[in-house]
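The values are calculated or read from the model by the stated rules, or taken from the named source; none is laboratory data. Treat the numbers as computed from the prediction; the structure is a model and nothing was measured. Cβ: placed from backbone, ideal geometry, glycine included. Neighbour counts: every protein chain shown.
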Amino acid sequence: MRIALFEPEIAGNVGAVLRLGACMGADVDLIEPMGFTWDDRRVRRAAMDYIDHVSVTRHSSFDAFRATIGPRRLVLFTTKSSHSAYDFEFMADDILLFGKESAGVPAEVAQVCHARVRIPMRPQVRSMNLATTTAIALGEALRQTACLPS
């Protein structure tokens, strides 16, 4: 299982996702451009020393990222889907894709994804924090595929 962040804008969110990846055994792909410099201390502050326990790959663009994934499924998490992540059947080698905090992903990126799912939430709110959504999504995907760490 991999986590891919499309053009993330907030260093603290990326740091929290890196820590999540370290704890749960999921590699992380960062698709540039990012909204902060990579050496931003806020990334390290959120990730703490966990950053040394996760495999992070940076990609210069979405096309560069796609060129590296082979036949693996891209599962996009988006508020624009009506398909619940809890009704979706994940596979152990899926790549869970999350859009940038302010705008998600552009239509052309969404169109090439194998599936689009959402985390159900109350209709009065717009969206969850990126790191929170990633944690919920990864937890469910790992649970379904019996890949949770012991």
Considering only helices (runs of 4 or more DSSP H) wholly within the stretch 51-150, the ones with at least 2 residues that are hydroxyl-bearing (S, T, Y) and either surrounded by fewer than 18 Cβ atoms within 10 Å (Cβ to Cβ) or at pLDDT 95 or above (or both) are 130-144
Given the structure, is F77 under 14 Å from the mean Cα position of the chain (by Cα) and closer than 23 Å to G12 by Cα? yes
